[in-house]
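Working notes, structure below.
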Amino acid sequence: SDIDDTFDFMGWYNYQSYKRLKISRKDTYKLYLAYHEGQGGYSRRTYLKKKWLLKVAKKVSNRARMYQRQYRKCG
């Protein structure tokens, strides 16, 4: 219920995916798949049977790039 806790958890989980699965911390596509499927599911590549999920992960990745471009303009 607290947005700060949510961000902390997501940061922690993505860092665990970086350490355990060797996913770049900048690869939002793969990080999203690991988050959705769990690290074990990601390792087993369960996402490959879910074409809809691959499309969603692509949308997430595209949105992250858009936010990154916008953020660069703010400083």
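Observations on the structure shown:
- The residue that is farthest from residue 9 (Cα to Cα), counting only those in region 36-68 that are surrounded by 15 or more Cβ atoms within 10 Å (Cβ to Cβ) and among the polar types (S, T, N, Q), is 46.
- Close pairs from region 13-27: first under 13 Å from residue 43 (Cα atoms), partner open to solvent by 40 Å² or more (accessible area, probe 1.4 Å) and in a helix (DSSP H, G or I), Cβ under 7 Å, at least 6 apart: 21/43; 23/30
- When residue 13 is tested against the conditions (1) touching a Lys or Arg at 6+ places or on another chain (Cβ under 7 Å); (2) open to solvent by less than 60 Å² (accessible area, probe 1.4 Å); (3) closer than 24 Å to residue 66 by Cβ, the lone failure is (1).
- From the list 21, 33, the lone residue that is open to solvent by less than 60 Å² (accessible area, probe 1.4 Å) and touching a Ser or Thr at 6+ places or on another chain (Cβ under 8 Å) is 21.
The values are calculated or read from the model by the stated rules, or taken from the named source; none is laboratory data. Quick caveat: nothing in here was measured; it's all calculated off a predicted structure. No Cβ is skipped: glycine too gets one built from the backbone with ideal geometry, and neighbour counts run over all protein chains shown. For accessibility, only protein heavy atoms count, side chains too; no ligands or nucleic acids. Shrake-Rupley method; radii C 1.70, N 1.55, O 1.52, S 1.80 Å.
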